[in-house]
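The values are calculated or read from the model by the stated rules, or taken from the named source; none is laboratory data. Please read all numbers here as calculations on a predicted model, not as lab measurements. Note that we place each Cβ from the backbone using ideal geometry, even for glycine, and neighbour counts take in every protein chain shown. All accessible areas refer to the heavy atoms of the entire protein, side chains included, with ligands and DNA or RNA removed. Shrake-Rupley method; radii C 1.70, N 1.55, O 1.52, S 1.80 Å.
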Amino acid sequence: RAVVLALGGASWARLGSDGAWVPLLAARGVAVAPLRPANCGFDVLRVDTPAGETRREFLQELLGRTPPAPAGWTPHFVQRFAGQPFKSVAISFTDSRGRHFSRRGEFVATATGVEGSLIYAVSHLLRDEVEAHGHATFHLDLLPDHAPERVLVEVRHPRGSRSLSSHLKSRLGLDGIKAGILYEHLGKEGMNDPVALAHAIKALPVTVVAARPLDEAISTAGGVAFEALDPHLMATAVPGVFCAGEMLDWEAPTGGYLLTASLASGVRAAQGVLGFLGAGA
């Protein structure tokens with residue numbers, strides 16, 4: 001007489017959450033928004049992509065086929081830093097609609113891009129911007145506790161016979177992956193420009209061009225539209241069928257927030273079942 005569906009989204013299909021329910025409910029007149037990755041990582045734009053347009057790209061553009069942007073770090077960066085964390089950093093991002101994000105935290109460099117708690121926190125904004133425009137650029141502050149003026153003073157401080165790497169480490173504590181991403185983006189010429197280097201330390205632009213595949217995401221956005229449900233989470237097109245959890249069209253920060261809200265929707269659906277069965281008794 002009544003059933004509660006709590007079938008999850010479509011991430012981590014090997015654990016059973018594969019989104020196979022989507023066409024089944026849609027066929028019964030239940031509105032379902034497309035499932036999209038949430039709390040996910042991203043592929044970065046390849047910084048050593050040659051400038052200019054190739055003949056093939058020109059022809060593709062004439063045919064209305066925009067070639068995908070080359071993604072991933074350089075092989076040198078991947079070999080040395082893939083899997084390592086950026087700790088004690090901050091990122092800021094403003095999308096084309098004026099929505100702004102700014103937060104401190106940490107994240108990890110992957111073989112193709114970025115992932116981790118700080119990236120997950122802004123992932124919904126980055127994902128929407130990439131879907132709308134093909135790319136999104138956030139700014140990375142490698143030293144959020146240092147004022148820009150102090151960074152410039154330290155970068156310009158005479159280093160004598162020391163290498164630039166030793167200089168940055170001793171004056172600003174910059175080494176490892178933080179120094180690596182500066183070299184990745186600026187190259188040797190930019191690293192030797194004190195103003196450009198100081199600016200990059202405080203606001204390094206990192207462009208992402210694709211969210212990681214849905215099956216790699218921690219959770220999913222999209223799902224059963226709330227317009228297709230009554231206040232007790234029963235599908236109006238299929239009386240007696242209630243929906244709860246991540247299969248609903250909503251998204252939340254990863255971890256406890258996601259679990260708590262999913263469980264709360266289960267309580268709501270269960271109360272709806274009791275009321276539905278009581279009304280039909």
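Using a probe of 1.4 angstrom and keeping all protein chains present, the accessible surface of the chain works out to 53 square angstrom per residue. Only protein atoms count toward the accessible area here, which uses a 1.4 Å probe; on the stretch 42-211, the carbon and sulfur part of that area reaches 52 percent.
Each of 161, 88 has its accessible area taken with a 1.4 Å probe; listed largest first, they run 161, 88. If the chain linking residue 84 and residue 3 were pulled fully straight, counting 0.36 nm for each residue of separation and taking away their Cα-Cα distance, it would gain 24.6 nm.
For the stretch 81-161, applying the loop criterion from DSSP together with a ceiling of 14 other beta carbons within 10 Å to the trypsin sites (Lys or Arg not before Pro) yields 97, 99, 159.
For the stretch 224-281, the list of GluC sites (Glu not before Pro) that fall in a loop by DSSP and count at most 16 other C-beta atoms within 10 angstrom is empty. Taking K and R as +1 and D and E as -1, what net charge do the other residues with C-beta under 12 Å from the C-beta of residue 226 add up to? Neighbour charge sum, excluding residue 226 itself: -2. Taking Cβ atoms as reference points and 11 Å as the exclusive limit, the residues near residue 110 contribute a net charge of -2, counting Lys and Arg as +1 and Asp and Glu as -1. A Cβ-based charge dipole, computed about the Cα centre of the chain with Lys and Arg at +1 and Asp and Glu at -1, lands at about 580 debye.
Rounded to the nearest 5, the antiparallel percentage of DSSP beta bridges internal to the chain is 90%.
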